[in-house]
Structure formats: structure tokens, C-alpha cells
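Peer 1: I'd like to ask some things about the structure below.
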Amino acid sequence: MGADIQVHRYGINNFVYTARRPFHPRHLFALLHDKFILLQHSEGGDEDEDNEGNEGDKMDLDDDEEEDEDTEKQGVSGFEQPDPAIILANKRSHAFGPVLRSKGFFWLATRPLQFGEWSQAGGMLTVSCGGPWFAEVPSDAWPEDEDVRKSIENDFKGPWGDRRQELVFIGEGIDIEKITALLDDCLLDDKEMARWERVMGNKELSRDEKAELLGTMWEDGWEDWPSFEIEGEDEDEEDIEETKPKHYISDYLGPAKKDGHKHHHHHHHHKKGEHKKGAKAT
């Protein structure tokens, strides 16, 4: 929805795309899947590697069959994964072509509790779960440093706290307006956003029930992310999927809150003003 702009010598420029509305997961996948070689950190990847080592020869015999099954389950319906050479050619001829590097975090409508980390270099784009939004973290679990806490509070805006899109793009002659428009088109529209807000504003639903319901409202073929728990919260053992990897808040913030935290907290300061959709970039 907006962008902070910085222009450098030799045609190198950068801007920060920001929005206070979630991406439609299918629309975002449609934009990216054939422009970048997508690398996703899947849920429970480390545990899977350990299990493979323990299974021995049986796993070796079943590898091909399981890989075929996984391929069928992954991805968004209606999209085939192009060959890497085609993907790179598509990127070169697209508005993303001049983008050398991009990094930040993003918000998916189907995943309201956690943010995604985005890291792109050349034709490779890595996405993964970054952890819970601070809006979902009790304030007593935040870092204790007052400056850090103040900075976190400054990220809060409106009813949905610090949830937002924040992606910095660096490249040679980037078409800022075009990339901004492409990303804006991936956001929920007004009607979809109203549906999202009705679910999130329903006080009769628990946090996890809201996330589960939103996960069924729009197609989401992105890799699963691990769930998270807040230490000290009561857990209903019957509702916990024992096979589902789980992270605790301290896994993201770190055990020593006084010295800072591992959680997302990106600020990109630029001298120029904010670039709004439809405005001319200079």
C-alpha cells in the first residue's frame, strides 16, 4: 500500500513496501511461484531428518513413493511448478527482474497468529515462519529493555496490532509503482477483509479457533508452519496434536529478554517521504 524510497548512484535504488492488510495466500503464490525458485522451510524439518536416520533401510525403500505423495500434497491447486530455467527467464522479463535482493516479513490471511520471513537473493526466494506477532505475545513476555519495548509499541496500529507487510527491495532501476501495485493486488479486498475481521473480532472463539477457521476460508498451499504456545498457558491435552511440531514463545524471543530478542522487528528509515499507491516516484 505504500513504500519508502531511496535512490542511489549508478541506478541502484531501494524501497520498503508496507501494508496493514494481509495477503490472500493464493494470490501471493500466483505472483511468486513462476518468478522465483521458492524455498520453503517446512514444519518439523529437523525432526524429519532425525527420524530418517533412525528408520534405516526401510526409509530408503520407501523414499520414492513418499516423495511422490508429498509432491501431490504440496502447492496450490491449478499451478504447476515450472523448470528453474523458465522461472529465471520469467523473472528477467518481469517487474521483479531488476530486484537483486529483498528481505522482510509478510502477513497471510490464513495465518493470523504468526508472520512469515521473506529472504530473496537473485532468483531464489526463501520463506519460512518467523514467529508470533507481538500482538499475540503477552506484554510480560516482551523484552525488558524499555527502548525495545517502546519500539515494539510504535509498531502497533489499529485493532490488529503489529500485523503488517514490510518488505525492503533493492535493485537496479526498480519500477517501484509497478511492484507496489502487484503486491497491492495480492492483498485481501474490502469484502474479504471484512470477513477476516469478523472472525478475528469474534469473542466467542479462542485464538486457535480463529486461526483454524481462517485457514479454511482461503486456499493456502504454502508449507505448514509450526504452532506456538505461550509458557504458562493451560493446555487441553485432548486438543493437542502430538505429531505437530510446536514452538514456545521463548524459542523466538530467547531465554534472556533483557538483552533483546530474536523476534522480528524491522525498521527502515529513509530520508524521502512515504510513497503511496498511485503517486509518482522520483
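Peer 1: FRET efficiency for Glu212 and Ala135, Cβ-Cβ distance as r, R0 = 30 Å, nearest 0.05?
Peer 2: E(calc), rounded to 0.05, equals 0.95.
Peer 1: Could you work out how much longer the chain between Asp83 and Lys203 gets when fully extended? Use 0.36 nm per residue separation minus the Cα distance between them, nm to one decimal.
Peer 2: Here the segment from Asp83 to Lys203 would lengthen by 38.6 nm.
Peer 1: Between Glu172 and Ser151, what FRET efficiency comes out of the Förster formula 1/(1 + (r/R0)^6) with R0 = 41 Å and r the beta carbon distance, rounded to 0.05?
Peer 2: 0.80
Peer 1: Provide the FRET efficiency to the nearest 0.05 for the Ala121-Glu219 pair, computing r from the beta carbons and using R0 = 30 Å.
Peer 2: 0.60
All of the numbers you see were taken from the coordinates with simple rules; none came from a lab. None of these values were measured; they are calculated from a predicted model. Note: ideal-geometry Cβ built from the backbone for every residue, glycine included; neighbour counts use all protein chains shown.
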